[in-house]
Amino acid sequence: MDDKKQIKFILNIAVLALICVFLWWGNDNLSSFYIRILNLSAIFVILGISMNLVLGFTGMFSLGHSGFMCIGAYVASILTMSPASKEIIYFMEPITPILAQIQWPIFPAIIMAGVVAALFGFLVGIPALRLRDDYLAIATLGFAEIIRIIVTNTITITNGALGLKNIPSVKSMWVYWGIAIITIIILKKIVNSSWGYSFKAIRDNEIAAEAMGINLFSHKLLSFSIGAFFAGIAGALMAFLITSVDPTMFRFTFTFQILLIVVLGGMGSLTGSVISAVAITILMEVLRVVEEPINFFGLLQIPGLPGMRMVIFALGLLLVILYYRQGLMGTREFNWDYILNKIDSFRKRGASM
Amino acid sequence: MNEVLTTDHISMEFGGLRAVSDLHLQVYPQEIIGLIGPNGAGKTTVFNMITGVYKPVEGQIYFDSNNITGLSPDKITKLGIARTFQNIRLFNSMTVLENVMISKHLRRKSNLLEAVLSMPKYNRERTMHYKECMELLEKVELADVADEMATSLPYGKQRRLEIVRALATEPKLLLLDEPAAGMNPNESNELMEFISKIRNEFDLTVLMIEHHMEVVMGICQRIYVLDYGVNLAVGSPSEIQNNEKVIEAYLGAVDTDA
């Protein structure tokens, strides 16, 4: 048993080292286009697993993720933009004096983005989490829109509908994937702790969970705030990746894109969300082909239809819901035990032959 | 006042319907008390009031001389009242062991940060809880299925697991809602032995709702009979068996013309 633990530990370290080597190699050798896609998929990994904590593990049908992301993006942008560019960009109305001179380094700004988003998650959660199921979905969707509308109208802080530009750009894969990996590790720890099991107990049977001494409201609020925290961090990273933010980015359709990742990957599986986040982000780019004009051997001509990609994803989602409801991984997780056992039985078969 | 539980004339109403009215229940340490009555008599409502799911419209509930009226279910569990359900409510995505481990969450002393950082305090606590739960499972002969999914167990074992899960919260008072429902005579005999065994071993007081008269008459020291929310009678099994009002409630009025 101890032996196995050691092997697993070594394997974990090896995988981490492999990822580090890839990041180090990729940063110098991959084209900026590929790096951008990989960074984007790291952001979707964070979004996917944090939404999965709320939706898949705690069973709260919350659709407010884009709202918290919006908060994170704005907090990080305002904190890191240089005073000079703030002066240029806020030309409708000048920025509030307190924020005008602030310029934080990247990392504290990312953490702050998460903290502020978590705080909003906490405040939104207090009224919203008294609801459940569809009602919770509608309420959180509403709150996300409210956040977006507040952002559009607080011009002296957020520059309103004009959005922010000249946000410091971060290109290194280390930042995006580093934070994504730390998020995965933290969430895995949470999910496997007695808190994670309590979340699952609430999902499985609220009445029994409460009878076993789990305070439903505080645990739901905790899960919701953690989800909001990581959504805020993902929002901050999004801002650094595209270097401009405006309120229309964070419409509710964005939440559905994350929902797509969670459902396809499997509600209640971190591994599933990670895989489907990377796969879908890459597919989004690969499938751009279908939006171009297509010519079938001169017989049939299809003009370019923007939005065709989303049709394909919608069909995929339909098929998954109809025929494969548990998604890619269901509630299973990647586990070294499975692979080690496979190798073991393979070796034994080899020896007996 | 050495009662474990006193319901001081509690009543419950659902939109004009009086489900329980003026119930005065006293439970002393180490007793096994039965709560019986025809369907719809309000037995489960009594349980729901004691465990905080409903707040009684009248009256107070005292547990260990604390007033627990209106506390939330999780706080009441923390004080030491655990319950099982009429229809089994196990956590169906979890194994047998995980189901029992959930009950240890309320006795935690470490916080989430310590768990995320794998601090020794949290790890030690978790190992201790794991050991306690495994010991408990061994005592009730469920240790061999500890890693199986809870829902894959046969019905009788699921019932027993529900009781074990309640035991893991370290209660002083255990409320069992129809533990023998759907069991054959053999299984219900086993269950009777099991209940008296855990009562002695964990120093428990048991309050149980049950329809199987053999079980109730077999192990209960005192029995409360409810009918339409009213307490018809209270007494030892033999007293209850010969009580005319109880017979009437169960079998209908005796026709005086015959």
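With a 10 Å Cβ neighbour count serving as the proxy for reagent exposure, in which order, fewest first, do B:133, A:70 appear?
B:133, A:70
Mean 1/r over all different Cα pairs, inverted: what Kirkwood radius does the stretch A:17-79 give, in Å?
After inverting the pairwise mean of 1/r, the radius is 14.0 Å.
Check cross-link reach from residue A:165 to the lysines: straight Cα distance under 25 Å, and skip same-chain residues fewer than eight apart.
The reachable lysines, counting only those whose Cα sits under 25 Å from residue A:165, are A:86.
Just check the stretch B:90-156 against the gyration tensor rule for me: Cα atoms, a ≥ b ≥ c as the square roots of the eigenvalues, rounded for a/c under 1.5, and otherwise prolate or oblate depending on whether a/b exceeds b/c.
Taking the square roots of the gyration eigenvalues as a ≥ b ≥ c, the stretch B:90-156 is prolate.
Among A:109, A:47, A:91, whose Cα sits farthest toward the positive end of the charge dipole of the stretch A:1-126 (+1 at Cβ of Lys/Arg, -1 at Cβ of Asp/Glu, about the Cα centre)?
A:47
Round to a whole angstrom and tell me the spacing of the C-alpha centers of the stretch B:117-155 and the stretch B:206-254.
38 Å
For the protein assembly as shown, what is the percent of antiparallel DSSP beta bridges, rounded to the nearest 5?
Around 60 percent antiparallel, to the nearest 5.
Along each of its three principal axes, how wide is the spread of alpha-carbon positions in chain A, in whole angstrom units, largest first?
So the three principal-axis extents are 79, 67, 42 Å.
As an exercise, take the mean of 1/r over every pair of distinct alpha carbons in the stretch B:104-245, invert it, and state the Kirkwood radius in angstroms.
The Cα-based Kirkwood calculation yields 17.5 Å.
With only alpha-carbon pairs counted, each pair once and no self-pairs, how large is the Kirkwood hydrodynamic radius of the stretch A:212-353 in angstroms?
19.1 Å
For the stretch B:46-104, which semi-axes, largest first and in whole Å, follow from the square roots of 5 times the eigenvalues of its Cα gyration tensor?
Semi-axes, largest first: 26, 13, 8 Å.
Excluding residues on the same chain fewer than 8 positions from residue A:188, give the lysines whose Cα lies under 22 Å from its Cα.
Filter leaves A:4, A:5, A:8, A:200, A:220, B:104, B:109, B:121.
Order these peptides, A:42-49, A:268-275, B:196-203, A:249-256, by their mean beta-carbon neighbour count within 10 angstrom, highest first.
Packing order, densest peptide first, comes out as A:42-49, A:268-275, A:249-256, B:196-203.
Where the centroid of each part is defined by its Cα atoms, how far is the stretch A:18-81 from the stretch A:295-314 in Å?
Each part reduced to its Cα centre gives a spacing of 30 Å.
Give the order of A:92, B:217 when sorted by the count of other beta carbons within 10 angstrom, beginning with the fewest.
Result, fewest neighbours first: A:92, B:217.
May I ask for the net charge around residue A:95, where only other residues with Cβ less than 11 Å from the Cβ of residue A:95 are counted and Lys, Arg are +1 while Asp, Glu are -1?
Result for the neighbourhood of residue A:95: -1.
Neighbour counts of other C-beta atoms within 10 Å: give me A:219, B:212, B:24 arranged from fewest to most.
Lowest count first: B:24, B:212, A:219.
Would the protein assembly as shown count as rounded, prolate or oblate if I go by the C-alpha gyration tensor, calling it rounded below 1.5 in a/c and otherwise prolate when a/b exceeds b/c, oblate otherwise?
In terms of gyration-tensor shape, prolate.
If the convex hull of the alpha-carbon atoms of the stretch A:3-148 is projected onto planes in all directions, what is the mean projected area in square nanometres?
For the Cα atoms of the stretch A:3-148, the hull's average projected area reads 13.1 nm².
Provide, in order from the shortest bin, the percent of all Cα-Cα pairs of the stretch A:172-248 in each 10 Å bin, continuing until the bin that contains the maximum pair distance.
17, 37, 25, 17, 5
Comparing B:61, B:163, B:102, which has the greatest mean-square fluctuation in the GNM of chain B with Cα pairs linked when under 10 Å apart?
B:102
So what's the back-of-envelope 222 nm ellipticity for the protein assembly as shown, counting only DSSP H runs of four-plus at -39500 (n - 2.57) apiece and dividing by all residues, rounded to 500?
My calculation for the protein assembly as shown gives -18500 deg cm²/dmol from helical runs alone.
Rg(Cα) of chain B divided by 2.2 N^0.38 Å?
1.08
Which aspartates and glutamates, on any chain, are close to residue B:75 with Cα under 16 Å apart, when same-chain ones fewer than 8 places away are left out?
A:206, A:210, B:64, B:170
Since every read-out is calculated from the coordinates, none of them should be taken as a lab result. Quantities reported herein were computed from a predicted structural model and do not represent experimental measurements. Positions of Cβ are generated from backbone atoms using ideal geometry, with glycine treated the same way; all protein chains shown enter the neighbour counts.
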